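Below you'll find the structure, written out as structure tokens, and then a few comments.
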Amino acid sequence: MTSTAPRPVRIAIIGGGQNCEHDVSLATAHAIATALPDGYEPLGLTIGRDGTWLGPDHHPLADGLAGALRLLRTCDVVFPAVHGPRGEDGTLAALCDLAQLPYVGSGVRAGALAMDKATTKLIARDLGIPVARSALATTADGTPPLPLPLVVKPVSAGSSHGVARVDTPDAYRP
């Protein structure tokens, strides 16, 4: 009786992205690939800062997204590791859904809602989950909307991009 080892699970790991969190995403993708246990075969794809899709050899794919989709179809599952806009905001989940590719992580709606901090806080409050006091500033008129000190951050950027502590009214506007 001959026994054959099972075929490894081929997992596409997508890193990079067209946003300020490109480098953090590359580090995440690398960490995922190196942490996979035996039985998994990683295939790394990168989205360049300019939107170019790069293959496992770090060279641009000649046919861009179409070539990336062909590679993704050779995998058992996709692991999107792109942080921030055009990644964890549901964009890559939407691509996988349209291409009927199984993937790790939240779906389109959950990603989009979670990326918008103001909307996430509204939902959490409505569900009775305590959240920190906050105010949505649509323009910087120079008047802090809450008592100082406060923390200001973009509503839909990544976790740490654009975060600033404001200790004086003069520091609020910038």
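The values are calculated or read from the model by the stated rules, or taken from the named source; none is laboratory data. This one's a predicted model, so the numbers in the text were calculated from it and none came from an experiment. Cβ placement follows ideal geometry from the backbone for every residue including glycine, while neighbour counts extend to all protein chains displayed. Accessible surface areas use protein heavy atoms only, side chains included; no ligands, DNA or RNA. Shrake-Rupley method; radii C 1.70, N 1.55, O 1.52, S 1.80 Å.
A 1.4 Å probe run over the protein chains yields, for the range 1-87, 56 Å² of accessible area per residue, whole-number rounding. Expressed per residue, the C-alpha convex hull volume of the range 91-174 stands at 117 Å³. Per q in 0.13, 0.25 Å⁻¹, report the Debye log10 I(q)/I(0) for the range 1-97, using one uniform scatterer on each alpha carbon and no solvent. Values, matching the q order: -0.43, -1.41.
Take every Cα pair under 8 Å whose residues are at least 6 apart in sequence, average their separation, divide by the length of the chain, and the relative contact order is 18 percent.
Measuring between their Cα centroids, the range 1-42 and the range 99-134 lie 25 Å from each other. Based on Cα contacts under 8 Å between residues 6+ apart, the range 1-51 shows a relative contact order of 50 percent.
When you count the other C-beta atoms within 10 angstrom of each residue and take the mean per peptide, 80-87, 63-70 line up highest first as 80-87, 63-70. Note on the chain: antiparallel DSSP beta bridges, both residues inside, total approximately 30 percent of the bridges counted.
By the equivalent-ellipsoid construction on the alpha carbon gyration tensor, the range 15-65 comes out with semi-axes of 20, 15, 6 Å, ordered largest to smallest.
Taken over the Cα atoms of the range 92-135, the convex hull encloses 80 Å³ per residue. For the chain, the Kirkwood hydrodynamic radius comes to 18.4 Å, computed from all pairs of different C-alpha atoms. Summing +1 for each Lys or Arg and -1 for each Asp or Glu among the other residues whose beta-carbon sits under 13 angstrom from that of D76 gives +2.
Shown here: the range 60-138, whose C-alpha atoms stretch 48, 25, 17 Å along the first, second and third principal axes, sorted largest to smallest.
Accessible area per residue for the range 101-174 is 69 Å², calculated with a 1.4 Å probe on protein heavy atoms, without ligands, DNA or RNA. Tilt of helix 117-126 relative to the longest C-alpha principal axis of the chain, in degrees (0 to 90, nearest 10)? With both axes taken from Cα atoms, the answer is about 80 degrees.
Computed over protein heavy atoms with a 1.4 Å probe, the carbon and sulfur contribution to the accessible area of the range 91-167 reaches 59%.
Using the Karplus relation 6.51 cos²θ - 1.76 cosθ + 1.60 with θ = phi - 60°, the per-residue 3J(HN,Hα) values for the range 45-60 come to 10, 10, 9, x, 4, 8, x, 5, 8, 10, x, x, 8, 6, 9, x Hz, with x marking Gly and Pro.
3J(HN,Hα) along the range 81-92: 10, 7, 7, x, x, 6, x, 6, 7, x, 4, 6 Hz, from the Karplus curve 6.51 cos²θ - 1.76 cosθ + 1.60 with θ = phi - 60°, whole Hz, x for Gly and Pro.
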